[in-house]
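Bear in mind that the values in this text are calculations on the coordinates, not laboratory data. Keep in mind it's a predicted model, so treat the numbers as computed, not measured. We place every Cβ from the backbone using ideal geometry, glycine too, and count neighbours over all the protein chains shown.
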Amino acid sequence: MSLPFQEIHGAVHLHTTFSDGGVDIADLIKVSTQVGLDYIVVTDHMTLAAKEKGYEGFHGDTLVVVGYEHNDHRRWNHYLAIGTTTVYPGQQDPQDYINGIKKAGGIGFLAHPEERRHYFAHFPPYPWTAWDVTGYDGIEVWNQMSEWVESLKRWRSYILLLYPRRFLKRARPALLERWDNLNRTRFVGGIGGVDAHTFRFGVGPLALRIFPTKVELKGVRTHLYVPNEWRSASADVARRVVVEALRDGRGFISHFRRGDASGTEIVLYDAEGILILPGKADRIPALPARFKINVPLPSEARLLRNGRIVDNAEGRSISFVVKEKGVYRIEIYRGRNAWIYSNPFPVGTYPF
Ligand SMILES: [Zn+2]
Ligand SMILES: [Zn+2]
């Protein structure tokens, strides 16, 4: 059966030499096309330089979207602003820049909200602290960089330096719990972030380049379901399609190290046979409804309802029947490691 949408995958939350990243924009784009990403979202700190210099748009088959990362005056409360054409001037109050970015037509995600770092004094944590804010579109539920730095305290660092992605086992449970709780009152989308900095340890000829760009881009990815014709439209329309799909949580997050999740299907069919994609609800599904999951590799799928696991099954083609209202999402594991997190499927009306 042919579906009216296709699944595309990209890397979100990338830094370049326009702020504190270690790679220049042209090299980042080159590697992104080489590894076959459909889109990337560049988010340098407090600058849209990549956009101003004309890098937004298609480069080969890769769409480059330029947003930026906002922070408060203490350099906390990092916020990924996407789809806006200006850098909001205020740096004081997170609610102020959330509102300002939205007013300017942008969307936004709380970046690495549960970040904790203990190991290196020169990589301090930049957590989200202003949890009373409203109006943001989603949160970064899996951040490649902060998970890696956090794991340094637990593992022999030389192994980590050689195999940085091996240690991304799962998203942080406390953050997933927070995400589930937020989704019981309104839709809050999730994205996976790379937070690529490609920075170096040490100085001089022995300096190790951590996370070379190609490795960074073969890690946490954000997959989106978009209309089939998205690429044939103008770059501006394609960019809008990607920004809206991110805003609405129209997809899932994967970790490439556990397997290429391209082609994964995680959808819901309601009692009337209507197809429902993950993300913000366009309609309330009629019950009973059935999840249909197809993954390219054998794995274990878990069904969560209001943050609790209510069913699980193994295989490549899995279905779960749901009879109760609630906000559902799917987690897919390979062995003990998380591979895929779907965005939530609200089934019913808020609050749950
Ligand atoms: Zn940040
Ligand atoms: Zn960042």
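Observations on the structure shown:
- Under DSSP loop assignment and at most 16 Cβ neighbours within 10 Å, longest GluC sites (Glu not before Pro)-free interval of the chain: 1-271
- Across the chain, the relative contact order, built from alpha-carbon pairs under 8 Å that are at least six residues apart, equals 15 percent.
- Among P296, P278, P173, the largest mean-square fluctuation in a Gaussian network model of the chain (Cα springs under 10 Å) belongs to P173.
- Intensity falloff of the chain expressed as log10 I(q)/I(0), Debye formula with alpha-carbon point scatterers, at q = 0.13, 0.14 Å⁻¹: -1.00, -1.17
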